[in-house]
Amino acid sequence: MRSVTVASAVIGVYAVVASFAFATTAVETILLYPNIFRDVPESLAQTQEFMSVVAVGDVMRPMGGVLTLTALIACAVAVRSPIARGWMTASLVSLISGQFLLSVLYQWPRASILFDDRDQYTLAEIEQAASEFLIGQGLRIAAAAVTAVCAVVAALACYRARVLASAADEFAAGL
């Protein structure tokens, strides 16, 4: 019973963090991106000035680190919980491939073109990088949704196992 409770709690915390990360990514995109990409390249300069104190990456990168840490801990716990193992594996694969690797290998080079090295590129290259960045952001949101849904399903499966184990213990105690 105790191992089911620990797995349920740890995976539950991961599900909450994954859901929060998904919501944050979606809200960031809905609220900020229409202004950031409304009139490339002028809007990029204005965005860079606006985010000179706290940029999106200053918040999202540490949150991604916390998400990855909780995912690894939850996966370690899920190894002993066959009910949640598959869902946790799917969540971790989505997290690593669809969020981390997509960000590092696809988004960051385009962000560098858009913000850091904008003066070295033509308007057409900047507009193309902006379009590609937005496509990547859509994929990131989809991956964050898959990560969160798989984590929540794993948490619910663990919770169900905990409830069933508790009911079985009560039934056995009543005999």
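Determine how large the accessible area of Phe115 is when every protein chain is in place; take a 1.4 Å probe and give Å² rounded to the nearest 10.
Accessible surface of Phe115 is approximately 50 Å².
Considering the chain as a Gaussian network with a 10 Å cut-off on Cα pairs, which listed residue, Ala142, Ala71, Ala84, attains the greatest mean-square fluctuation?
Ala142
On the accessible surface of the stretch 26-175, probed at 1.4 Å, how many percent belong to carbon and sulfur atoms?
67 percent
Could you give the length gained on full extension between Leu105 and Ser166, defined as 0.36 nm per residue of separation minus the Cα-Cα distance, in nm? Mind showing how you got there, number by number?
Values: separation 61, 0.36 × 61 = 21.96 nm, distance 4.60 nm.
So the chain would gain 17.4 nm between Leu105 and Ser166.
Could you point to the residue in Ser8, Phe37, Ser94 farthest towards the positive end of the stretch 5-136's charge dipole, with +1 and -1 charges on the Cβ of Lys/Arg and Asp/Glu respectively?
Among Ser8, Phe37, Ser94, the one farthest towards the positive end of the dipole of the stretch 5-136 is Ser8.
Using a probe radius of 1.4 Å on heavy atoms only, what accessible surface per residue do you get for the stretch 1-45? Whole Å² is fine.
Counting only protein heavy atoms, the per-residue value for the stretch 1-45 is 51 Å².
To the nearest 10 square angstrom, how much accessible area does Ile36 have with a 1.4 angstrom probe?
Looks like 10 Å² after rounding.
Taking 0.36 nm per intervening residue step and subtracting the Cα-Cα distance, what contour gain separates Val59 from Leu72 on full extension?
Answer, rounded to one decimal: 2.6 nm.
At 25 °C and 0.890 mPa s, what whole-number value in µm²/s does Stokes-Einstein give for the translational diffusion of the chain, with Rh from the Kirkwood sum over Cα pairs?
Here the translational diffusion coefficient equals 137 µm²/s.
Helix by helix, which DSSP H runs in the chain go 18 Å or more along their axis at the Cα atoms and have an average Kyte-Doolittle hydropathy of 0.0 or more?
2-36, 56-78, 123-174
How much solvent-accessible surface does Glu125 expose, in Å² to the nearest 10, with a 1.4 Å probe and all protein chains in place?
About 80 Å², ignoring ligands and nucleic acids.
Rank Ala74, Ala90, Ala15 by mean-square fluctuation in a GNM of the chain with C-alpha springs under 10 angstrom and give only the top-ranked residue.
Ala90
Report the Cα centroid-to-centroid distance between the stretch 49-91 and the stretch 111-165 in angstrom, as an integer.
12 Å
The values are calculated or read from the model by the stated rules, or taken from the named source; none is laboratory data. What you are looking at is a predicted structure, and each value in this text was computed from that prediction instead of being measured. With ideal geometry, Cβ positions are generated from the backbone for all residues, glycine too; neighbour counts draw on all protein chains shown. When the accessible area is computed, the model is the full protein with side chains, heavy atoms only, and any ligands, DNA or RNA have been set aside. Shrake-Rupley method; radii C 1.70, N 1.55, O 1.52, S 1.80 Å.
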